[in-house]
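Novice: Pasting in a structure now, in structure tokens, and then I'll have a few things to ask.
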Amino acid sequence: MKRTRNTMSTLEIKDLHVSIETDQGTKDILKGVSLTINSGEIHAIMGPNGSGKSTLAATIAGHPRYEVTSGEILLDGEDVLEMEVDERAQAGLFLAMQYPVEVPGVTMTNFLRTAKTAIDGDAPKLRTWTKEVKEAMAKLRIDADFANRNVNEGFSGGEKKRVEILQLELFKPKFAVLDETDSGLDIDALRVVSEGVNRAHAENNMGTLLITHYTRILNYIKPDYVHVFVDGRVAEQGGPELADELEANGYDRFLATAAVAG
Amino acid sequence: MTETTEQVAGVEVGSRRISIPGFTEEGENLTAATNQAADHSHGFDAAAKPLTSGSGSRGNRHIGYDLAGFPEPTGREEEWRFTPLKKLAGVLSDTPTANAVTDSEPVDYQVTEGVDGVVLSTLRDGEAPRGTVLQPADRAAVVAYKNVEQALYLKVTEGTELDEPLRVDITGTQAGSRGNAHVVLEAEPNAKAVFVLEHRGSADFNGNVEIKVGQGADVTVISLQRWDDDAVHVGQHDAAVGQDASYKHVAVSLGGSVVRLNTNFRYTGEGAEAQMYGLYFADSGQHIEHRTFVDHNTPRNTSNVLYKGALQGETARTVWIGDVLIRAAAEGTDSYEKNQNLVLTDGARADSVPNLEIETGLIEGAGHASSTGRFDENHLFYLMARGIPEKVARQLVVRGFLNEVIQKIGVPSIEESLQEDLEAELEILGN
Ligand SMILES: Nc1ncnc2c1ncn2[C@@H]1O[C@H](COP(=O)(O)OP(=O)(O)O)[C@@H](O)[C@H]1O
Ligand SMILES: [Mg+2]
């Protein structure tokens, strides 16, 4: 494996509890999540719908909707929960969203340059940057004229996911959380997107939290660890073989346990 | 952003510039049912959904120079129903410019002088071209018309092409004091000029502008509303666009308590291209209203209307009413209008009403689009999750949104100064 960054980083999630306010009152969603991810590692988080996977992802990124009631998130020992949303990205965290947001009035070109400038602390050299963006788009088979369109506006589901991975490749985060990047992709798009993740992994020694509902993407992105996520917790963890078991038997075994525990 | 797509007789005429299949040479008579099903009236059948308080079609609205024809509005009239009339009491009364008491006018005018090929003078009522272009279409316009003895007249003589804008700087010096104005701008055949009307300070200002665009002339009129917070401004800007001429009107409304502008044009020949652009930014306490009317009264002309606005603050309020009338005579018309609003904070309200009336099927195209989008927590989160600080994120969105209009202005010094204005508006937002 080629590693251009030899610094080792660690993202630690310790006994994380998260709730949200709903019309029916406070709802506890994450009920004690602990995970440690090091640079270069790929952790798959698999779990049924509604188990809290997106909540975990959004909480790491700092979405204001989610309230951390206890626990910690540390990036190389720094308290991530104390950081604003933009500071987290500047510190090297990236969230590829399950439902990327359409932003009116802002072109992709303008957006990418502004974000890159914010993350790096200074503006990229225009010439090399333009070339880099072009090449990255071509590799992800994103049409060149997307650069002139508003961020995600009118993009199909698959196009939005590619554009998330485009950012992943351009911004070079230390850690990426990919929230169901595979859902809604046809087989060709899945391959293209997976290659993008694998490149970021190889070139930047990125640590990855790969959230998925299905095992399909694991044929393209090979996890080092698999965590089964049920009812706001990690119910079981293991190596890639755990994914094979899920593929064969589904989540029933874990759901039964959760029901008994609950 | 949600686009509302318009339908005429079940045919989409909204966001795309398409002509309308199924039209007869006489135009299409929509049934009442179809017409009402559309979001906004297309007004073929006056009975189905009247466009105005008068008799349906925009073409039938009362115009004239008689005060009696324009009673004090109650707020129930179509053309007044969005407007905060209480604040307009001062400008709607039949009152002369207030100068008797202080012996100094509440509004000061500075006009570019001494330019070769430009004639500066004044016109009394009845002296052409005064009154040949502007046709008062509401009470505000008629009371201003009546109460100006000498209209300011700027004429660019035949074939003169100016490099620098001609400026009329209009400065209110007494908040709440009435100022009436009438400005006549003329470009003789094949002349080329940019006129800038810049409004600052404060007054109860009621200003009419009429613009005569000669054959083959190229005219841009830029009206900048940079008033103080307590100013009130109503006005009607009418243009008559000559054969093969180019005309561009730009309204930029940033300041003032209430700004209500009617900007209109019609044609006097064929082969002309005319545009109206607008840009507005309303903060809390501001009411900014633009009404545009494109009258395709002659064949083979092109029109384009684009108005964009941003709103911030709980009581920020904007209105855009865009009337386009393609008369039976206006074969070969190509027309498009669009209004987009960006609501930045809760409570702010933007109304957007395009009205398209088409009386002939023999047109190149007619379309309209209207949308109001919100900048909300999710947009902000997305941009911030990419490392962009909150303030920059907001600026990025607003500037990106309004730039489309700024770029159309075509006068670099004004484009730059507007970027600074927006910066200042957004500064308020960032804190
Ligand atoms: N913004 C929200 N409003 C209401 N309920 C929410 C919200 N976000 C998550 N939830 C609830 O929290 C639980 C976990 O959701 P989520 O984290 O999206 O799960 P997953 O990504 O595993 O499908 C679900 O029961 C979901 O309905
Ligand atoms: Mg999810």
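Novice: Residue by residue through segment B:147-162, note down the ones that are within 26 Å of B:S93 (Cβ to Cβ) and either out of contact with any strand residue (DSSP E or B) (no Cβ under 8 Å at 6 or more places or on another chain) or crowded, with 22+ Cβ neighbours inside 10 Å (or both).
Specialist: Once the filter is applied, which keeps residues that are within 26 Å of B:S93 (Cβ to Cβ) and either out of contact with any strand residue (DSSP E or B) (no Cβ under 8 Å at 6 or more places or on another chain) or crowded, with 22+ Cβ neighbours inside 10 Å (or both), segment B:147-162 yields B:V148, B:E149, B:A151.
Novice: Report, by residue number, each residue of segment A:49-108 that is more than 25 Å from A:N204 (Cα to Cα), hydrophobic (A, V, I, L, M, F, W, C) and away from ligand 2 (no atom under 16 Å from the Cβ).
Specialist: A:V68, A:V103, A:V106
Novice: Would you point out which residue out of B:A350, B:A393 is modelled with pLDDT of 95 or more, touching a Leu at 6+ places or on another chain (Cβ under 9 Å) and hydrophobic (A, V, I, L, M, F, W, C)?
Specialist: Values: B:A393 fails: modelled with pLDDT of 95 or more.
None of the other options fit; the residue is B:A350.
Novice: If you don't mind, another one. Among the residues of segment A:76-90, is there at least one that is closer than 23 Å to A:E164 by Cα, within 13 Å of ligand 1 (Cβ to nearest atom), within 14 Å of chain B (Cβ to nearest Cβ) and in contact (Cβ under 8 Å) with a residue 24 or more places away in the chain?
Specialist: For segment A:76-90, residues closer than 23 Å to A:E164 by Cα, within 13 Å of ligand 1 (Cβ to nearest atom), within 14 Å of chain B (Cβ to nearest Cβ) and in contact (Cβ under 8 Å) with a residue 24 or more places away in the chain: absent.
Novice: Another question, then. Filter segment B:337-371 for residues that are within 14 Å of chain A (Cβ to nearest Cβ) and closer than 13 Å to B:Q312 by Cα and give the result.
Specialist: B:N341, B:L342, B:V343, B:L344, B:A350
Novice: Of the conditions (1) within 16 Å of ligand 2 (Cβ to nearest atom); (2) free of Cβ contacts under 8 Å to residues at least 24 places away in the same chain, A:I45 fails just one. Which one is it?
Specialist: So A:I45 meets the others, but not (2).
Novice: Here's a follow-up. Whether any residue in segment A:114-128 is part of a helix (DSSP H, G or I), in contact with a Ser or Thr (Cβ under 9 Å, 6 or more places away or on another chain) and either within 14 Å of chain B (Cβ to nearest Cβ) or of a type in the set (S, T, Y) (or both) is what I want to check.
Specialist: Among the residues of segment A:114-128, not one is part of a helix (DSSP H, G or I), in contact with a Ser or Thr (Cβ under 9 Å, 6 or more places away or on another chain) and either within 14 Å of chain B (Cβ to nearest Cβ) or of a type in the set (S, T, Y) (or both), which makes the answer no.
For (1) closer than 21 Å to A:A57 by Cα; (2) within 16 Å of ligand 1 (Cβ to nearest atom); (3) open to solvent by 20 Å² or more (accessible area, probe 1.4 Å), each residue gets a yes or a no:
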residue: A:I187; (1), (2), (3): no, no, yes
residue: A:N205; (1), (2), (3): yes, no, no
residue: A:H213; (1), (2), (3): yes, yes, yes
residue: A:I217; (1), (2), (3): yes, yes, no
residue: A:P223; (1), (2), (3): yes, no, no
residue: A:A235; (1), (2), (3): yes, yes, yes
residue: A:L242; (1), (2), (3): no, no, no
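Novice: How about segment A:170-218: which of its residues are within 14 Å of another protein chain (Cβ to nearest Cβ) and either more than 15 Å from ligand 2 (Cβ to nearest atom) or assigned to a loop (DSSP other than H, G, I, E, B) (or both)?
Specialist: Result: A:L170, A:F171, A:K172, A:P173, A:K174, A:F175, A:A176.
Novice: Quickly run through segment A:169-185 and pick out the residues that are away from ligand 1 (no atom under 16 Å from the Cβ) and at pLDDT 95 or above.
Specialist: A:E169, A:L170, A:F171, A:K172, A:P173, A:K174, A:F175, A:A176
Novice: For the condition among the aliphatic types (A, V, I, L, M), in contact with an Asp or Glu (Cβ under 8 Å, 6 or more places away or on another chain) and more than 14 Å from ligand 1 (Cβ to nearest atom), what is the one hit in A:L93, A:L35?
Specialist: After ruling out the rest, the residue left standing is A:L35.
Novice: Criterion first (among the acidic types (D, E), open to solvent by 40 Å² or more (accessible area, probe 1.4 Å) and away from ligand 1 (no atom under 15 Å from the Cβ)) does A:E67 satisfy it? Walk me through it before giving the result.
Specialist: Numbers: among the acidic types (D, E): yes; open to solvent by 40 Å² or more (accessible area, probe 1.4 Å): yes; away from ligand 1 (no atom under 15 Å from the Cβ): no.
So A:E67 fails the test.
Novice: Here is a further query. Hey, can you tell me all the residues within segment A:129-169 that are within 12 Å of another protein chain (Cβ to nearest Cβ) and under 16 Å from the mean Cα position of the chain (by Cα)?
Specialist: A:K160, A:V163, A:E164, A:L166, A:Q167, A:L168
Novice: Which of the residues that make up segment A:47-64 are within 11 Å of ligand 1 (Cβ to nearest atom) and crowded, with 19+ Cβ neighbours inside 10 Å?
Specialist: Across segment A:47-64, the qualifying residues are A:G47, A:S51, A:G52, A:K53, A:S54, A:T55, A:L56, A:A57, A:A58, A:T59, A:H63.
A quick yes/no check of all residues on (1) surrounded by 22 or more Cβ atoms within 10 Å (Cβ to Cβ); (2) charged (D, E, K, R):
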residue: A:E135; (1), (2): no, yes
residue: A:F155; (1), (2): no, no
residue: A:L168; (1), (2): yes, no
residue: A:L178; (1), (2): yes, no
residue: A:S183; (1), (2): no, no
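Novice: Is it true that B:V392 is assigned to a helix (DSSP H, G or I), surrounded by fewer than 21 Cβ atoms within 10 Å (Cβ to Cβ) and facing another protein chain (nearest Cβ under 7 Å)?
Specialist: yes
Novice: Within segment A:17-28, does at least one residue satisfy the condition of being buried (at least 16 other Cβ atoms within 10 Å of the Cβ), more than 16 Å from ligand 2 (Cβ to nearest atom) and more than 14 Å from chain B (Cβ to nearest Cβ)?
Specialist: Taking every residue of segment A:17-28 in turn, at least one turns out to be buried (at least 16 other Cβ atoms within 10 Å of the Cβ), more than 16 Å from ligand 2 (Cβ to nearest atom) and more than 14 Å from chain B (Cβ to nearest Cβ).
Novice: So, in segment A:189-203, exactly how many residues are in contact with a helix residue (DSSP H, G or I) (Cβ under 7 Å, 6 or more places away or on another chain) and open to solvent by 40 Å² or more (accessible area, probe 1.4 Å)?
Specialist: Of the residues in segment A:189-203, 1 are in contact with a helix residue (DSSP H, G or I) (Cβ under 7 Å, 6 or more places away or on another chain) and open to solvent by 40 Å² or more (accessible area, probe 1.4 Å).
Novice: Which one of the conditions (1) more than 10 Å from chain A (Cβ to nearest Cβ); (2) free of Cβ contacts under 8 Å to residues at least 40 places away in the same chain does B:E377 fail to meet, given that it meets all the rest?
Specialist: Result: B:E377 passes all but (1).
Novice: I'd like the full set of residues that are in contact with a strand residue (DSSP E or B) (Cβ under 9 Å, 6 or more places away or on another chain) and among the hydroxyl-bearing types (S, T, Y), limited to segment B:246-290.
Specialist: B:S246, B:Y247, B:S253, B:S257, B:T263, B:Y267, B:T268, B:Y277, B:Y280
The values are calculated or read from the model by the stated rules, or taken from the named source; none is laboratory data. Only a predicted model underlies this, so the values are computations on that prediction, with no experimental measurement involved. Using ideal geometry, Cβ is built from the backbone for each residue, glycine included, and neighbour counts are taken over all protein chains shown. The accessibility values were calculated without ligands, DNA or RNA, using every heavy atom of the protein model including side chains. Shrake-Rupley method; radii C 1.70, N 1.55, O 1.52, S 1.80 Å.
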